[in-house]
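Structure record follows, encoded as structure tokens.
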Amino acid sequence: MVLTGTTFWELKDGSKHPTGFWAEEFVVPDRIFREAGLEVTIATPGGLTPVADEFSLAPETNYGDNGKVEEFRVYLADSGENLAAAVALEEADPSEYDIIFAPGGHGPMQDLSINSDIKRIFEATLDDPAKVVASLCHGPASFSTATRDGQWLFKGRRLTAFLDEEEAQVGFADKAPRLLESRLREYGAIFETGPAWGSYVVVDGNLVTGQNPASAGEAVKAVLEPAART
């Protein structure tokens, strides 16, 4: 599981917006993977300890569900040792993993979008149909550097990510250096969209992407069930 290691996102005006990974996009997949008996390795650029975006733990970003927020906080507290033991992305050997899963939050827009090591990992994993690359929300920002011989590895692949419409609704469309949906379309993705804020997952062979935090559970189900990827 590749998480952002940053605690800020530099906006168009140079200001630094506090961020990290989005709690739901880590908690839901991590819990489901572990309950299914998978061994989960957390990796970040430089092996930094990843932190959750506090905004992702606010009731207003969780449909006013205080119980859900408390559930996320408890899980994050229980996962403290796992998060602190994050391996350096630079040292990760893709041959050791069956699934590469990149959650979002605005953090990946800052660090994973320019990371060259994730390129190496995606290249090795996408080439193997027995393995899966999956990502949620802003996580596909990590796809940005993935090229081979000048060709973007995800060109012509069906995928989704956080919509420009959704970015506008959270107030960052005019502040972001670049919008993720627009960037992925420009790179050559066949970008598919569902209703804003609803669960929407796109499966294209061994590539699974979810549009937003609400898509976390459905995306993990697609990763774990081979029949869903045919």
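Quick look at the numbers
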| read-out | value |
| --- | --- |
| Charge tally in the Cβ shell below 14 Å around Ala36, where Lys, Arg are +1 and Asp, Glu are -1, Ala36 excluded | -2 |
| Relative contact order (percent, whole number), region 94-190, Cα cutoff 8 Å, 6+ residue spacing | 27 |
| Beta bridges per DSSP with both ends in the chain, % antiparallel, nearest 5 | 40 |
| Table column - 3J(HN,Hα) (Hz), region 155-167, Karplus curve with 6.51, -1.76, 1.60, x for Gly and Pro | 5, x, 8, 7, 7, 9, 6, 4, 6, 4, 4, 5, 4 |
| Share of alpha-carbon pairs per 10 Å distance bin for region 54-169, given as whole % | 12, 37, 33, 17, 2 |
| Neighbourhood charge, 13 Å Cβ-Cβ cut-off, centred on Glu10 and excluding it, Lys, Arg +1 and Asp, Glu -1 | +2 |
| Extension gain from Lys221 to Arg178, taking 0.36 nm per residue of separation minus the Cα-Cα distance | 12.5 nm |
| Over 22 Å [Cα-Cα, region 121-230], rounded percent | 28 |
| Where the chain is the region considered: accessible area per residue in Å², 1.4 Å probe | 43 |
| Within straight-line cross-link reach of Lys119, lysines at Cα separation under 19 Å, skipping those fewer than 8 residues along the same chain | Lys131, Lys155 |
| Reduced Cα scattering model of region 1-55, Debye log10 I(q)/I(0), q = 0.16, 0.19, 0.20, 0.26 Å⁻¹ | -0.54, -0.71, -0.76, -1.04 |
| Protection-proxy order for peptides 111-121, 64-74, each taking the mean of Cβ atoms within 10 Å per residue, highest first | 111-121, 64-74 |
| Region 3-82, relative contact order in percent, only Cα pairs under 8 angstrom and at least six apart counted | 33 |
| Debye log10 I(q)/I(0) at q = 0.07, 0.14 Å⁻¹ for the chain, Cα point scatterers | -0.19, -0.82 |
| At q = 0.12, 0.13, 0.15 Å⁻¹, base-10 log of I(q)/I(0) for region 106-172 (Debye sum, equal scatterers on each alpha carbon) | -0.33, -0.39, -0.51 |
| Over region 1-153, relative contact order from alpha-carbon pairs under 8 Å, at least 6 apart, % | 28 |
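The values are calculated or read from the model by the stated rules, or taken from the named source; none is laboratory data. The shown structure was predicted, so the numbers you read here are calculated from the model rather than taken from an experiment. Counting neighbours? That spans all protein chains shown, and the Cβs are built from the backbone with ideal geometry, glycine included. SASA here: full protein model, heavy atoms, side chains in, ligands and nucleic acids out. Shrake-Rupley method; radii C 1.70, N 1.55, O 1.52, S 1.80 Å.
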